[in-house]
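The numbers here are math on the coordinates, done by the rules we state, and not lab data. Computed from a predicted structure; not experimentally measured. No Cβ is skipped: glycine too gets one built from the backbone with ideal geometry, and neighbour counts run over all protein chains shown.
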Amino acid sequence: MASTAVFEFTDANFATEAMQSSQPIVVDFWAEWCAPCRALAPVIDELAADFEGTAKIGKLDIDSNKEVALQFSIMSIPTVVILKDGKLVKKFTGIAKKEDLAAAINGAM
């Protein structure tokens, strides 16, 4: 079951919702057909609940939103990027541990 705290990023809303946010932004680049992405999904849900109100955590489906994926040079998924003030702070490729992601989010605060 997906957490209501997980935001859905798209090519259309990315500039306003992610790049202009004062909160740290976590973007999980994923696709429906990607098994490792589905394995990472519960971790993203937990982080969204843990950081609700302090960081915006969301997913971006690379099949429907190719512009943002190209902007961040996403070559493999899952890839999780952490942004602060519109700038890339950290990038994780593959299934990252919840502790590592949480530490990076805290570091971006």
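Quick notes on this structure:
- Lysine pairs with alpha-carbon atoms under 18 Å apart, the chain, spacing 8 or more or separate chains: 13
- Kirkwood hydrodynamic radius of the chain, from inverse mean 1/r over distinct Cα pairs, in Å: 13.5 Å
- Within the chain, percent of DSSP bridges classed antiparallel, to nearest 5: 55 percent
- In this label model, ALA31 and ASN106 are separated by 3.5 nm, measuring between points 7 Å along each Cα→Cβ vector.
- In the elastic network of the chain, a GNM with C-alpha springs shorter than 10 Å, the most mobile of ALA31, ALA39, ALA18 is ALA39.
- Note on ALA12 and MET75: the extension gain reaches 20.6 nm, defined as 0.36 nm multiplied by sequence separation minus the Cα-Cα distance.
- Leading residue at positive end of dipole, segment 7-108 (Cβ point charges), from SER64, PRO24, PHE9: PRO24
- Helical contribution to [θ] at 222 nm, DSSP H n ≥ 4, -39,500 (n - 2.57), averaged over the chain, rounded to 500: -9000 deg cm²/dmol
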